[in-house]
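Colleague: Have a look at the structure that comes next, please.
The values are calculated or read from the model by the stated rules, or taken from the named source; none is laboratory data. Keep in mind that what you see is a predicted model, and the values were worked out from it rather than measured. Neighbour counts run over all protein chains shown; Cβ positions are idealised from the backbone, glycine included.
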Amino acid sequence: MAKLARQWTALDKAAISMLTRARDTDPRSLSYRQMAKIVGMTPSRLSGMFLQTMAPPTLDEFVDLCLLFGLRPSTALDKAMQEAAESASPAGERRPVLSVSPADTVPSADDDAPLSNEEIMAMAANKDPNRGLEAETPRD
């Protein structure tokens with residue numbers, strides 16, 4: 001169990017704000033109990049998220065709620081990131097939202113290159129919990 005509760009970030013607040021607007025405009029007017037049955041959460045967890053009194057939503061919870069309200073999760077996350085970037089932090093300064101550039105995600109040719117026997121042995125020796133005992137074992 002976590003020792004410290006997760007703190008609400010600007011992105012968390014923007015995401016739950018977007019979900020709150022979607023819930024308020026949803027023609028079904030679902031209660032927390034009805035939503036809980038559909039998405040597999042407890043009504044108290046949903047209430048705590050929407051009121052921001054419990055931990056922020058996990059990615060799974062965010063995606064489930066987006067799908068419940070007919071939002072595309074990737075688009076909703078993009079909008080929440082934009083909204084969070086435009087909001088001010090409690091200290092008054094703007095908090096940057098980091099993005100991943102396509103260049104950061106392109107694998108290089110070296111990433112999948114096979115390891116040499118020497119590299120494999122060095123990696124195994126560094127991770128082996130019995131390396132001290134094996135070093136003392138006499139060889140044939």
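Colleague: Restricting to the range 1-14, name every residue that is surrounded by 13 or more Cβ atoms within 10 Å (Cβ to Cβ) and basic (K, R).
Modeller: Residue satisfying the conditions is K13 alone.
Colleague: Condition first: within 22 Å of L4 (Cβ to Cβ) and in a loop (DSSP other than H, G, I, E, B). Now tell me which residues in the range 52-71 satisfy that.
Modeller: From the range 52-71, those within 22 Å of L4 (Cβ to Cβ) are 52-62; that's our starting set.
If the condition is that a residue be within 22 Å of L4 (Cβ to Cβ) and in a loop (DSSP other than H, G, I, E, B), then Q52, T53, M54, A55, P56, P57, T58 are the ones that fit.
Colleague: Something else now. Have a look at S47, S17 and point out the one that is in contact with a Phe, Trp or Tyr (Cβ under 9 Å, 6 or more places away or on another chain) and either surrounded by 12 or more Cβ atoms within 10 Å (Cβ to Cβ) or aromatic (F, W, Y) (or both).
Modeller: Going through S47, S17 in turn, just one is in contact with a Phe, Trp or Tyr (Cβ under 9 Å, 6 or more places away or on another chain) and either surrounded by 12 or more Cβ atoms within 10 Å (Cβ to Cβ) or aromatic (F, W, Y) (or both): S47.
Colleague: Among the candidates M41, M35, M81, M49, single out the residue that is farther than 19 Å from T9 by Cα, in a helix (DSSP H, G or I), in the same structural domain as A22 (by TED's automatic domain parsing) and not basic (K, R).
Modeller: None of the other options fit; the residue is M35.
Colleague: Conditions first: (1) in a loop (DSSP other than H, G, I, E, B); (2) in contact with an Asp or Glu (Cβ under 7 Å, 6 or more places away or on another chain); (3) not aromatic (F, W, Y). S29 passes all but one, so which condition is the exception?
Modeller: Of (1) in a loop (DSSP other than H, G, I, E, B); (2) in contact with an Asp or Glu (Cβ under 7 Å, 6 or more places away or on another chain); (3) not aromatic (F, W, Y), only one is false for S29: (2).
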